[in-house]
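Working notes, structure below.
The values are calculated or read from the model by the stated rules, or taken from the named source; none is laboratory data. It should be emphasised that the depicted structure is a prediction, and the values quoted were computed from it without experimental measurement. Cβ coordinates were reconstructed from backbone atoms using ideal geometry, including for glycine residues, and neighbour counts include every protein chain displayed. Protein only, heavy atoms only, side chains kept; ligands, DNA and RNA dropped before computing areas. Shrake-Rupley method; radii C 1.70, N 1.55, O 1.52, S 1.80 Å.
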Amino acid sequence: MAGLFITFEGTEGCGKSTHIKKLAARLETEGHTVHTLREPGGTESGEPIRELLKHGPKNLCAETELLLMNASRAQLVREVIRPALAAGEIVLCDRFYDSSIVYQGVGRGLDPKQVQRVIDFAVGDTLPELTLLLQIPLETSEERRARRADTDRFEQSDRAFFERVEQGYQDLAAAHPVRIHAINADLSIEAVETEIWKIVSNTLNNRE
Ligand code: TMP
């Protein structure tokens, strides 16, 4: 059977990395081979791009951001994601192209058609089957960002940027109700974990 490609999305501090680890462990216990990836980065060429995007010059323009995100993505798709899916494995990716639609498109204000064209070039036909959108209130995200010692270029953005990002995710979820599952992540870790497992196991069962 073809592999399963699942992406995680959400604003800063929504708990993606915690839940990806938990889901990977559970899937592995059930006998699946799981690749846990993150964007930008995840390959030898992608990691320096990640560093530039997160900690590079403040004046990096939105167009450059979009191209660098998708340069990293193009490499990740060809080097890791496609071979893993072809081998029937499960890929869990911390962010994928929805982040470019929301952060560079809605957040930075780039033309959505141009953003989509760049994404299409980078990913081709490698599309996630399931996207888990972890939603937390803006205030919670702000508190968690404020507690971080070493904030990156994105985390230093103003409130209006994050309001646009949040709205962007809501609109995207409404536009793709089958693929994108919005999850209330402002609950206990156990409750969110249970909800995620319900959705993922349902997807796996429907494929059998
Ligand atoms: P994170 O891995 O700590 O979430 O940092 C990645 C940052 O990059 C996060 O602020 C979201 C941003 N980002 C974009 O702006 N566009 C993208 O396409 C991706 C993948 C991430």
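Between residue 86 and residue 167, the C-beta separation translates, for a Förster distance of 35 Å, into a calculated FRET efficiency of about 0.45.
Remark: relative contact order (the chain) = 31 percent; criterion is Cα-Cα distance under 8 angstrom and separation of 6 or more residues. Between residue 184 and residue 2, the FRET efficiency estimated from the beta carbon spacing at R0 = 22 angstrom works out to 0.10.
Among 49, 188, 130, flag the residue with its Cα farthest along the positive direction of the charge dipole of the chain, charges on Cβ as +1 for Lys/Arg and -1 for Asp/Glu. Going by the charge dipole, the pick is 49. Per residue, segment 4-207 exposes 48 Å² of solvent-accessible protein surface, assessed with a 1.4 angstrom probe and all protein chains in place.
Taking the Cα of residue 55, stepping 7 Å toward and past its beta carbon, and measuring to each backbone N in segment 121-157: which are under 12 Å? Output list for this probe position: 150-153.
Mark the label point 7 Å from the Cα of residue 176 along Cα→Cβ and return the residues of segment 123-161 whose backbone N is within less than 11 Å of it. The answer is 127-133.
Looking at the calculated P(r) for segment 162-208, what percent of the C-alpha pair distances fall above 17 Å?
Numbers: 526 of 1081 pairs.
Here the long-distance tail beyond 17 Å is 49 percent of all Cα pairs in segment 162-208.
Rounded to the nearest 20 debye, what is the charge dipole size of segment 75-156 about its Cα centre when +1 sits on each Lys and Arg Cβ and -1 on each Asp and Glu Cβ?
Details: 11 positive and 14 negative charges, 41 e Å.
The calculation lands at about 200 debye.
Note that segment 4-207 carries a Kirkwood radius of 17.3 Å, evaluated over its alpha carbons pair by pair. The charge dipole of the chain, taken about the Cα centre with unit charges on the Cβ atoms of Lys, Arg (+1) and Asp, Glu (-1), comes to about 200 debye, rounded to the nearest 20. Comparing 98, 120, 171 in a Gaussian network model of the chain (Cα springs below 10 Å), the most mobile by mean-square fluctuation is 171. Fully extending the segment from residue 114 to residue 143, taken as 0.36 nm per residue of separation minus the present Cα-Cα distance, adds 7.1 nm. Over the residues of the chain, the helix contribution to mean residue ellipticity at 222 nm works out to -15500 deg cm²/dmol, using -39500 (n - 2.57) for each DSSP H run of at least 4.
Write out the GluC sites (Glu not before Pro) in segment 1-108 meeting two conditions: DSSP loop, and at most 15 other Cβ atoms within 10 Å of their Cβ.
Values: sites: 9, 12, 28, 30, 44, 51, 63, 65, 79, 89; in loops: 12, 30, 44, 89.
Passing sites in segment 1-108 are 30, 44.
Within the chain, which complete DSSP H helices have Cα atoms spanning at least 18 Å along the helix axis and a mean Kyte-Doolittle hydropathy of 0.0 or higher? Membrane-span-like by this criterion, though nothing is claimed about a membrane: 62-76.
When restricted to Cα atoms, segment 106-166 yields an Rg and a Dmax of 14.8, 39 Å, respectively.
Taking the chain as a Gaussian network of alpha-carbon nodes connected by springs under 10 Å, the highest mean-square fluctuation of the residues 92, 133, 52 belongs to 52.
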